[in-house]
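For reference, the structure I am asking about is given below.
The values are calculated or read from the model by the stated rules, or taken from the named source; none is laboratory data. This structure is a prediction, so every number in the text was calculated from the model and none was measured. Neighbour counts are summed over all protein chains in view; Cβ atoms, including those assigned to glycine, are modelled from backbone coordinates with ideal geometry. Only protein heavy atoms, including side chains, enter the accessible area calculation; ligands, DNA and RNA are left aside. Shrake-Rupley method; radii C 1.70, N 1.55, O 1.52, S 1.80 Å.
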Amino acid sequence: MDRVLTNVNMVTLAGEAGYQVIGDAMIGIQDGMIMYAGHKDHFDCHGHPEVIDCQGALVTPGLIDCHTHLVFAGNRAEEFEQRLNGVPYEQIAKAGGGILSTVRATREASEDTLFKLACERLQGLKNEGVTTVEIKSGYGLTLEDELKMLRVARRIGEMPDINVSTTLLAAHALPPEYAGDPDSYIQFICDEIIPIAAQEHLADAVDVFCEGIGFSISQCQQVFRSAQKHGLAIKGHTEQLSNLGGSAMAARMGALSVDHIEHLDNEGVAALAACGTVATLLPGAFYFLRESQMPPLDQLRQLDVPMAISTDFNPGTSPIASIRTMMNMACTLFRLTPEECLRGVTVNAAKALGLDEQRGQICSGMKADLAIWNLSHPAELSYRLGVPDLKARIVNGELFNQASFCSSGQ
């Protein structure tokens, strides 16, 4: 083994239910993979290059933020203040605000600038135990600028202490160049942007905003068919503001996840259950927009639909780079349990990215992505905010954010 963790209280999440805690455990890591995860009596740590005494720390799978918009320029704090002072969004948009203000700033920014800004935002997630993050495009809305955003996301993924999954979200809003002609823009996405993003290996998946203020069911289907033709997975922003049936459509087409889903109906829930699609909850946007329509949580539970939780970090509706705040919000606003929340940022978040065979649990054969906490019980991850509980992260077997450990070679 390259590295062995001893004196661990391990939260494996390897079963269908429960935290699956193993006390007084050990974890053996080799070549970035977990080779052993179990009780210390069944493993001999002697003779391995590095042995780390975790001093009874709680160890969970590395947390996964499966829905973010980390790459953009500018901010919308002034717009936030205007809305709170009673200025209607339509008036803000007509004055040049809203999503198109972020589009303008992002188009004007260089790749280096976007990389620097995104890394600063990402640090907040790393400090809270995140080892894998999804990053979307969607603020460029031209071929050049969408690819620029994806290149920045891939560059972030080259850093040794984070895993990145990239998603093309060109169908996020209608750019001014196509005002009044959404069908032509959708055709442009399908004929130009998706093929090049796939050819250059810049995107792992393709997302759409299926909504009255976004794109229609038929337009989103067209984008999905193009994505699948080019070997890319599909995901959807669906049922956030109304019930168009986008979630059911996306699930039946094989979507990994549908996200937001506050207005999802029973038919949509049944489609998710039948197709194995993850329901990703985004409590930050719910909170920030002061929404009142709750996702159909009881129905999702009844049909065993896996629920992921994510920050949805973005400049307009969830500028919150804190996965643990999202866990707390999911408990307090959506009435999820702390166990459901932890599964939502590990097991189910991995499934939402198509990574469930690699990440999200602690067991032999999985990637060695771990978070080590100065905590006694996993419920504390959803309960307490603002306290620096993270002792270290392990990403692909390598140690980062190291605090104080007793490490020795043997």
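With Rg and the Kirkwood Rh both taken from Cα atoms, where does Rg over Rh land for segment 266-313?
Rg divided by Rh gives 1.00.
I'm a student and want to see the number: the projected area of the Cα convex hull of segment 18-96, averaged over all directions, in nm².
Values: hull surface 43.2 nm².
So the Cα hull casts an average projection of 10.8 nm².
Right, something else. If you split all Cα-Cα distances of segment 160-204 into 10 Å bins from zero, what percentages do you get per bin, shortest first?
25, 43, 23, 8, 1
Would you mind checking which residues have amide H under 5 Å from Asp204's amide H? H placed 1.01 Å from N; only 5 or more apart, or other chain.
Thr166, Thr167, Leu168
Filter the trypsin sites (Lys or Arg not before Pro) in segment 272-376 down to the DSSP loop ones having no more than 15 other Cβ atoms within 10 Å, then list what survives.
Arg290, Arg335
Something else: Across 5 Å bins from 0, what is the distribution of all Cα-Cα pair distances for segment 1-135, in whole percents?
2, 9, 13, 13, 12, 10, 9, 6, 8, 8, 6, 4, 1, 0
Could you list, in their original order, any pairs among Lys136/Lys229; Lys40/Lys391; Lys126/Lys229; Lys235/Lys351; Lys116/Lys391 whose Cα atoms are separated by more than 23 Å? The partial results should precede the final answer.
Working: Lys136/Lys229 20 Å; Lys40/Lys391 21 Å; Lys126/Lys229 35 Å; Lys235/Lys351 12 Å; Lys116/Lys391 25 Å.
Beyond 23 Å: Lys126/Lys229; Lys116/Lys391.
Further, regarding this structure: What would the Debye equation give as log₁₀ I(q)/I(0) for segment 302-364 at q = 0.18 Å⁻¹, counting only Cα atoms as equal point scatterers?
The Cα Debye sum returns log10 ratios of -0.68.
Mind checking segment 161-207 for chymotrypsin sites (Phe, Trp or Tyr not before Pro) that DSSP puts in a loop (not H, G, I, E or B) and that have at most 12 other Cβ atoms within 10 Å?
Listed in order of number, the matching sites amount to none.
What percent do you get for the relative contact order of the chain when only Cα pairs under 8 Å and 6+ apart count?
21 percent
Would you mind getting the accessible area per residue of segment 137-196, heavy atoms of the protein chains only, 1.4 Å probe, in Å²? Don't skip to the end; give the middle numbers.
Numbers: 2070 Å² over 60 residues.
In whole numbers, segment 137-196 has 34 Å² accessible per residue.
Ala308's amide H: which non-local residues (gap 5+, or another chain) put their own amide H closer than 5 Å, with H modeled 1.01 Å from N in plane and none for Pro or chain starts?
Ala279, Thr280, Leu281
Another question, then. Quick one: putting +1 on the C-beta of Lys and Arg, -1 on the C-beta of Asp and Glu, what dipole do you get for the chain around its Cα centre, in Debye to the nearest 20?
So the magnitude is around 300 debye.
Send over a whole-number figure in Å² for the accessible area per residue of segment 320-410, probe 1.4 Å.
39 Å²
Could you tell me what % of all Cα pairs in the chain have separations over 38 Å? Working shown, then result.
On the way: 15889 of 83845 pairs.
When every Cα pair of the chain is considered, 19 percent fall beyond 38 Å.
Shifting gears a bit: Measure of size requested: the Rg and Dmax of segment 57-119, with Cα atoms as the atom set and Å as the unit; please supply both.
16.3, 53
May I pose another question? For segment 112-268, take every pair of Cα atoms, bin their distances at 10 Å starting from 0, and report each bin as a whole percent.
For segment 112-268, the pair-distance distribution reads 11, 39, 34, 14, 1.
Continuing with the same structure: For Ser242, what charge total do you get from the other residues with a beta carbon under 10 Å from its beta carbon, if Lys and Arg give +1 and Asp and Glu give -1?
Values: positive: none; negative: Glu211, Glu239, Glu262.
Computed value for this residue: -3.
Counting heavy atoms of the protein chains only and a 1.4 Å probe, report the per residue accessible area for segment 40-128 as a whole number of Å². If you can, show how the numbers build up before the last one.
Values: 4270 Å² over 89 residues.
Solvent-accessible surface per residue comes out at 48 Å².
May I ask you to derive the FRET efficiency for Glu81 and Glu357 from their Cβ-Cβ distance with R0 = 41 Å, giving the value to the nearest 0.05?
That pair, Glu81 with Glu357, gives E of 0.35.
Considering only protein heavy atoms and a probe of 1.4 Å, how much of the accessible area of the chain is carbon and sulfur, as a whole percent?
Carbon and sulfur together cover 49 percent of it.
Can you pull the semi-axes for segment 82-195, root of five times each eigenvalue of the Cα gyration tensor, sorted largest first, whole Å? Show your work: numbers first, answer last.
On the way: eigenvalues 142, 85, 27 Å².
They are 27, 21, 12 Å, listed from largest to smallest.
Considering every Cα-Cα pair within segment 151-243, what fraction, in whole percent, is farther apart than 21 Å?
Tail of the P(r) past 21 Å holds 34 percent of the pairs.
Something else: Determine the dipole magnitude for segment 36-177: charges of +1 sit on the beta-carbon of Lys and Arg, -1 on that of Asp and Glu, nothing else is charged, the reference point is the Cα centre, and the result goes in debye to the nearest 20.
400 debye
Related question: Give me Rg over Rh for segment 218-325, both radii from the alpha carbons and Rh done the Kirkwood way, two decimal places.
Reported Rg/Rh (Cα atoms, Kirkwood Rh): 0.97.
Keeping all protein chains in place and using 1.4 angstrom, which order do Glu144, Glu134, Glu120 fall into by accessible surface area, from largest down?
Glu144, Glu120, Glu134
What are the semi-axes of the equivalent ellipsoid for segment 316-408, taken as the square roots of 5 times the Cα gyration tensor eigenvalues, largest first, in whole Å?
Working from the Cα gyration tensor, I get semi-axes of 23, 18, 13 Å.
Quick one: if the Förster radius is 30 Å, what FRET efficiency do Thr332 and Cys275 give, using the C-beta to C-beta distance and rounding to 0.05?
Values: r = 30 Å, r/R0 = 1.00.
For Thr332 and Cys275, the calculated efficiency is 0.50.
Show that you can apply the helix-only estimate: for the chain, add -39,500 (n - 2.57) for every DSSP H stretch of four or more residues, divide by all residues, and state [θ] at 222 nm to the nearest 500.
The per-residue figure over the chain is -9500 deg cm²/dmol.
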